[in-house]
Structure formats: C-alpha cells, structure tokens
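FYI, it's all coordinate maths here, none of it is from the lab. Owing to the predicted nature of the structure, the values given are computational and were not obtained by experimental measurement. As a convention, Cβ positions derive from the backbone with ideal geometry for all residues, glycine included, and neighbour counts pool all protein chains shown.
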Amino acid sequence: MSNAGEKKVRTYRRTLSIAGSDSGGGAGIQADLKTFSALGCYGMTVLTALTAQNTQGVRDIHPVPSSFVQAQLEAVLDDIGVDAVKIGMLFSAEVMQSVASVLTERNIKNIVLDPVMVAQSGDTLLEERAIEAMGQSLMPAADLITPNLPEAEVLLQQSIDGLEAMHQAVRELAAFGSRAVLLKGGHREEKESIDILYLRDEDRSVALSAEYISTVNNHGTGCTLSSAVAAHLACGLNMEEAVSRGKEYITQAIQAGANYRLGKGHGPVHHFFEFWK
C-alpha cells in the first residue's frame, strides 16, 4: 500500500537529436533542442559534427569520429532511454552505419530522419559517398524520412516537377524502407506550401497545405519540422497526426519570426512564439 504522503513520480517525454551543431543557433541540434522544449519534451543530443556557421553560411565543418558518436548514443540509451529520435546531419558514411546499427539492434521506435545534404546557404553538409550509405543503412531504420525537393531529387536521381510527380516520388522514396515519407514542397515557392505525406502500410498519400510565407528567416526550417514531428510522436500521436501538428508548428514559427532581424543572411524561425511576447 502506498504512503498517502508520497509524491507521484512523473516522467519526461524523452527526445533525442542525432545531428550537427550550428554555432549560429538557428539549425542543427540547437534548433532541435528549442523545438523539443517548446513542445514539452526533454531533449538530449548526440553530436555528429561541429560547424562554424552564421546566418550567411558555413565556414568550416569538424566531423566527430564515428566511435565517439556511438559512445554518446549508447550512453544516452543505456541510462535515460528515448521515446523518439530525430536524425539530422551525419556527414559521413561511417557515422550513418554506426548510428543505424545501434538504433536497429536496440529496436528504437519513432525515428525521424531528415536527410540533410545542403545548408540553406548552399553549403554541402554531406560527403558524396555518404548518400549511398544513407539509402542502404539509415533510411530502412527510419519510421519517417523528411526530404525536401532537392534532397529527394538527389536520392531518386530524377527531377520532381509538380504535385503529381511529388505523389509518385513519395512512393519511390518509401522503397528505401521507411514506414512513412514526408516530401516537403516549400522550395516550389507558390501561394501554398504543399507537403505530401505517404503512409506505406496504408499505401495512402495525404497533401498537407499551408500558406507560403515569403521571408529570409527560414534557416533551420527542416530541422525544426522534423524535430516537431519527433516530439509529437514522443507524446503518443500517430504518424499522420504528428506530421500535421508538426507542419502547423513550423508554419507558426516561420510566421512569428518573419518580422525579426538577426544577422545579415537567413535568420531563424521563432521557436518560442507561444511563450515570448
């Protein structure tokens, strides 16, 4: 029988970002941690690379050895555990294979993979030979992959032009092995930002639309969206609900940050729009 005076023990919703560091704070693990916190989750990190960057671009990249990436990951899983994982910039094939191996062996669920290849500034964030490793080892381990149009075109080695082509592309991307695919259409820069979600088990695609917001403050949008989806999965939402809520969050974050000015290039979205006045 429990003591009437005992306090009920609470638990955190545990979210882990496996990604690179952005010294400018707008993308990477910094954006992920802000998103996790804004959505009520406890955030943890596994650093895969350090970048020297600001709103104007990436000046340098210092990769973290795959053995130390694995040590970070195992340290978190051995003690704290996770309810959802967001994977961002991994940079090298060795790191991808190591991360995929640990997550698969531990049967980790709710894995969201943002296949980061190029920064907002156009700087490359992925070794050329790592693209093949992503398709072979990492994408099959993911529950959801969230490529934008340029990334999807690299993965499929074909152009994707128009909504009909996007609906076809998500099915082809799902063939890499993930349970779901979210193809982001924001690069089309039309009146609406239309993303296509494909649920492989149901063989069903869903179009998710939002008003396109024209702003230079769009650094870290992909990181933020994938982290928001992971946070909602950690909170127990199903995939379609988590993606829908994630898109709502990033849309509001972009809108809220559009009138701010930070740096001389692409500024960040406003992760804490619900809390800061």
Taking a crude spin-label model, label points 7 Å out from Cα along the C-beta direction, the residue 8 to residue 191 distance in nm is 4.9
Computed over the Cα atoms of segment 151-232, the Rg and Dmax in Å are 12.9, 37
Placing each pseudo-label 7 Å from Cα in the direction of the beta carbon, residue 262 and residue 209 end up separated by a distance in nanometres of 3.1
Averaged over all viewing directions, the convex hull of the alpha carbons in segment 1-93 casts a projected area in nm² of 8.0
Compactness summary of the chain: radius of gyration and Dmax from Cα atoms, Å, are 18.1, 65
Ranked output for segments 101-112, 202-213 by mean other Cβ atoms within 10 Å, highest leading, reads 101-112, 202-213
Taking only the alpha-carbon atoms of segment 77-230, the convex hull volume per residue, in cubic angstrom, is 115
Projecting the Cα atoms of 244, 259, 226 onto the charge dipole of segment 147-263, where Lys and Arg contribute +1 and Asp and Glu -1 at Cβ, the residue farthest towards the positive end is 259
Semi-axes of segment 34-77 from the Cα gyration tensor (sqrt of 5 times each eigenvalue, largest first, whole Å) come to 22, 20, 4
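Do me a favour and compute the ellipsoid semi-axes for segment 1-54 from its Cα gyration tensor, root of five times each eigenvalue, largest one first, whole Å.
Its equivalent ellipsoid spans semi-axes of 35, 10, 7 Å.
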With only helices counted (DSSP H, runs n ≥ 4, each -39500 (n - 2.57)), the per-residue ellipticity at 222 nm for the chain, to the nearest 500, works out to -10500 deg cm²/dmol
Once the dipole of the chain is set up from charges on Cβ (+1 Lys and Arg, -1 Asp and Glu), the residue from the list 38, 93, 194 lying farthest towards its positive end is 38
Of 217, 259, 54, the most mobile residue in a GNM of the chain (C-alpha springs, cutoff 10 Å) is 259
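Size of the dipole of the chain about the Cα centre, Lys and Arg at +1 and Asp and Glu at -1 on the beta carbon, nothing else charged, in debye to 20?
Working: 23 positive and 33 negative charges, 197 e Å.
Here the chain has a charge dipole of around 940 debye.
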Share (percent) of C-alpha pair distances in segment 32-159 greater than 26 Å works out to 20
The alpha-carbon center of segment 151-207 and that of segment 219-258 are separated, in whole Å, by 17
Magnitude of the Cβ-charge dipole (Lys and Arg +1, Asp and Glu -1) of segment 33-120 about the Cα centre, nearest 20 debye, reported as 280
Taking N as the residue count of segment 228-269, its alpha carbon Rg divided by 2.2 N^0.38 Å gives 1.44
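Where a ≥ b ≥ c are the square roots of the eigenvalues of the C-alpha gyration tensor, would you call segment 188-243 rounded, which needs a/c under 1.5, or, failing that, prolate if a/b is larger than b/c, or oblate?
It comes out oblate by the Cα gyration axes.
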Packing-ranked peptide list from 263-275, 71-83, highest mean Cβ count within 10 angstrom first, is 263-275, 71-83
Ranked by GNM mean-square fluctuation in the chain (Cα springs under 10 Å), the top entry among 48, 35, 221 is 221
Out of 15, 146, 251, a Gaussian network model of the chain with alpha-carbon springs under 10 Å gives the largest mean-square fluctuation to 251
